1. By how many nm would the segment from V263 to R188 lengthen if fully extended, with 0.36 nm per residue of separation less the alpha-carbon distance?
2. What order do you get for 187-198, 49-60 when each peptide is scored by the mean count of other beta carbon atoms within 10 Å, highest first?
3. By counting other Cβ atoms within 10 Å of each Cβ, how are D145, D264 ranked from fewest to most?
4. To the nearest whole percent, what portion of all C-alpha pairs in the chain is separated by more than 30 angstrom?
5. What angle, in degrees between 0 and 90 and rounded to the nearest 10, separates the Cα long axis of helix 137-149 from the longest principal axis of the Cα atoms of the chain?
6. Using 29 Å as the Cα-Cα cut-off, could you pick out the over-long pairs in K48/K191; K121/K208; K121/K191?
7. In nanometres, what is the gap between the two model label sites at L90 and I63, each 7 Å from Cα along Cα-to-Cβ?
8. Kindly state, to the nearest 0.05, the FRET efficiency for K27 paired with R103, given R0 = 30 Å and r defined as their beta-carbon distance.
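No lab work stands behind these numbers, since they all come straight from the coordinates. Every value quoted in this text rests on a predicted model; they were computed, and no experiment measured them. Cβ atoms come from the backbone with ideal geometry, glycine included; neighbour counts cover every protein chain shown.
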Amino acid sequence: MVSSLASAIATCRGRATERLRLDIFEKANALGIGAQGLGGLTTVLDVKILDYPTHAASLPVAIVPNCAATRHLHLELDGSGPVFPEPPALSEWPVLDWQPAGRSRRVNLDELDSAAVQEWKPGETLLLSGRLLTGRDAAHKRIVDSLERDGRLPAGLDFRNRFIYYVGPVDPVRGEAVGPAGPTTATRMDKFTDTLLEKTGLIGMIGKAERGPAGIEAIRRHRAVYLIATGGAAYLVSRAIRSARVVAYPELGMEAVYEFEVVDMPVTVAVDATGESVHQSGPQLWKNRIAGIPVANK
């Protein structure tokens with residue numbers, strides 16, 4: 001009798017957990033956030049729930065997000081010696097022959113000024129060629145401190161009509177110009193953005209993910225733009241980089257300011273000169289679309 005009751009309780013709890021799992025999955029995807037936060041049908045690939053007995057008054061909840069590009073490797077160690085897993089065969093991967101879309105705008109970074117970026121629109125894809133500067137948190141702190149101290153930047157560092165790429169490149173190997181060079185999250189630079197746009201002549205930034213309210217307002221006020229490179233594709237981004245040299249703060253290592261020369265570096269306009277953000281308009285557009293999709297009876 002006890003065994004049957006326990007089995008029935010476990011079955012009911014399992015069904016309730018599965019209903020909750022599916023409910024969270026459907027509601028998360030109904031937000032329309034999508035990959036890279038740009039809008040879409042798929043915001044989460046899956047939801048898993050583990051539950052454990054606990055005191056009724058505790059109600060603890062832990063949420064563990066995982067990247068959609070889950071990377072993991074399973075090894076079995078039996079004590080007989082080192083294990084060297086075989087890499088997957090290239091035949092197991094899809095063949096990708098990427099060519100720039102005809103609708104992408106090719107941009108020469110060396111010929112830009114503030115007026116040239118005013119016509120770029122959120123969601124527009126660009127292929128950047130020419131020279132751009134880099135800088136992450138540590139470099140931004142040094143730059144802003146210098147500007148507030150005496151208004152001067154290190155010799156050779158000039159942001160007038162330039163773009164800054166939020167990246168800390170990995171060291172190159174063999175014939176590479178740089179190692180993997182994917183964008184870092186741009187919101188961390190929001191607190192520096194207004195100062196750089198106001199005092200250096202910078203006209204644009206490249207990073208990953210959305211900008212916060214302060215960053216967007218600074219972009220709007222100074223009629224600048226913010227572009228996004230694809231997150232999670234650091235090696236592919238680095239293929240567009242032809243040369244790299246340190247311009248300032250070499251003691252910061254990978255967080256030094258570099259100058260990259262790039263060819264057809266693919267980016268998307270995320271915030272235009274009016275302050276319109278694709279990370280706001282894109283998910284809202286898809287949320288409205290999703291709301292109009294009929295749901296099958298469960």
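1. Once the chain is fully extended between V263 and R188, it gains 24.3 nm.
2. Working: 187-198: 18.5, 49-60: 7.1.
Order by mean packing, descending: 187-198, 49-60.
3. D145, D264
4. So the pairs more than 30 Å apart make up 47 percent of the total in the chain.
5. The two axes meet at around 40 degrees.
6. Working: K48/K191 36 Å; K121/K208 17 Å; K121/K191 24 Å.
Exceeds cut-off: K48/K191.
7. It is 4.3 nm.
8. 0.35
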